[in-house]
1. List the residue pairs whose Cβ atoms are under 8 Å apart, where the first residue sits in segment 155-183 and is without any contact (Cβ under 8 Å) to a residue 24 or more places away in the chain and on the phi > 0 side of the Ramachandran plot, the second is surrounded by 19 or more Cβ atoms within 10 Å (Cβ to Cβ) and assigned to a loop (DSSP other than H, G, I, E, B), and the two are 6 or more positions apart or on different chains.
2. For the condition closer than 20 Å to residue 111 by Cα and surrounded by fewer than 22 Cβ atoms within 10 Å (Cβ to Cβ), what is the one hit in 329, 304?
3. How many residues are farther than 22 Å from residue 337 by Cα, modelled with pLDDT under 95 and part of a loop (DSSP other than H, G, I, E, B) when one looks only at segment 41-89?
4. Checking the condition on the phi > 0 side of the Ramachandran plot, more than 20 Å from the chain's Cα centre (by Cα), touching a residue at least 60 places away in the same chain (Cβ under 8 Å) and surrounded by 24 or more Cβ atoms within 10 Å (Cβ to Cβ), which residue from 380, 386, 376, 371 passes?
5. Out of the residues in segment 194-216 that are surrounded by fewer than 10 Cβ atoms within 10 Å (Cβ to Cβ) and assigned to a helix (DSSP H, G or I), which is modelled with the lowest pLDDT?
6. Which ones in segment 101-123 are out of contact with any strand residue (DSSP E or B) (no Cβ under 6 Å at 6 or more places or on another chain) and outside any loop (DSSP other than H, G, I, E, B)?
7. I need a count of the residues in segment 145-180 that are farther than 18 Å from residue 297 by Cα, touching a helix residue (DSSP H, G or I) at 6+ places or on another chain (Cβ under 9 Å) and part of a loop (DSSP other than H, G, I, E, B).
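The values are calculated or read from the model by the stated rules, or taken from the named source; none is laboratory data. Because the structure is a prediction, the values reported are computed rather than measured. Every residue, glycine among them, receives a Cβ derived from its backbone with ideal geometry; neighbour counts consider all protein chains shown.
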């Protein structure tokens, strides 16, 4: 689209400035965008996507992922007086009428800040497929990789800190979809161990700044012919990766990754485990403008000895989550930060012969705190044994649409992948507006 034609379209009102910006952005993203002013079969396939818009209630997301399939009956949807409950008892919380498992006593004191969703349901009952759908809203395919929510946020809104990555993953999950079909610049920065901070971000001993710059200039000269011969987006992304890494090395905000700067009592409140320290790192990052931080906690695949493993996992989750909510609130960050706790599926109500619970995608739970969410609220319901969703069933896509809605992202914006296939941020998911105050 040349400049003269663009000017005519804008003056005539045939295309809005927003639509024009979205259309021309494809040259920057390496993907195509299709707006509602355009019609055709590709757009028609996404007519089910939500057109709801709102001013964002959250600027940041801290996404706590319970890898392995968290038992809903032993955490957020505790039952009483039925065999499926096992030995776990529900307890009262700081919110009237809201009860949690006795395994989450510290989080129970923070429930006036958050909401529980007890009506999630997925079509995926295997770990890899369930993990993928929860992160992307799409089924796992061998021909394409879909973006995770942090990458969509990057593309649509960008970051709040020019020298730190906008998307950080804390944990050891190699299955994370990352940027999907978006350019590599939208991938998360992976931090395997929050205790160790970032590695290789300082100049090696004996290497001066002048020598470093000279080496980078030489590398740039050597790569110039290759870049001009192969002007592909992945080659460009590789160059940009170096530029971003150098900018981050010089950032004053790198100290966010140094947990030793936190007082001992604060670190202790989060728990000594990597997950708790990851939650603390997440708080330090959003404090400095990083907009999407995911922290993973594995070990929820409890086919055996469920009532030994789950209390241990819950103890780690309970310390990290409760400390995070209290810390964000005391610093005035909880109002702008949406904390999400979820998993790929739940566990069976029936207890197996190994005193474990098996995979159960039919009904499970999630929790949300801050970011405009109603405090002390429960959305959805399962039957008395936790087998069936009997009220306000919520698909995985609906949960992701709700997160995107909180961030003010366009749920009906169609984007073409490099293979010319159209996608939206949460497929046809509908945001649950009842969750917001």
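1. 158/166
2. Exactly one of 329, 304 is closer than 20 Å to residue 111 by Cα and surrounded by fewer than 22 Cβ atoms within 10 Å (Cβ to Cβ), namely 329.
3. Matching residues across segment 41-89 total 7.
4. Checking each option against the conditions leaves just 386.
5. Result: 210.
6. Selection gives 101, 105, 106, 107, 111, 112.
7. So the count comes out to 13.
Let's see how each residue does on (1) under 26 Å from residue 409 (Cα atoms); (2) crowded, with 23+ Cβ neighbours inside 10 Å:
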| position | (1), (2) |
| --- | --- |
| 76 | no, yes |
| 86 | no, no |
| 92 | no, no |
| 101 | no, yes |
| 111 | no, yes |
| 120 | yes, yes |
| 138 | yes, no |
| 152 | yes, yes |
| 159 | yes, no |
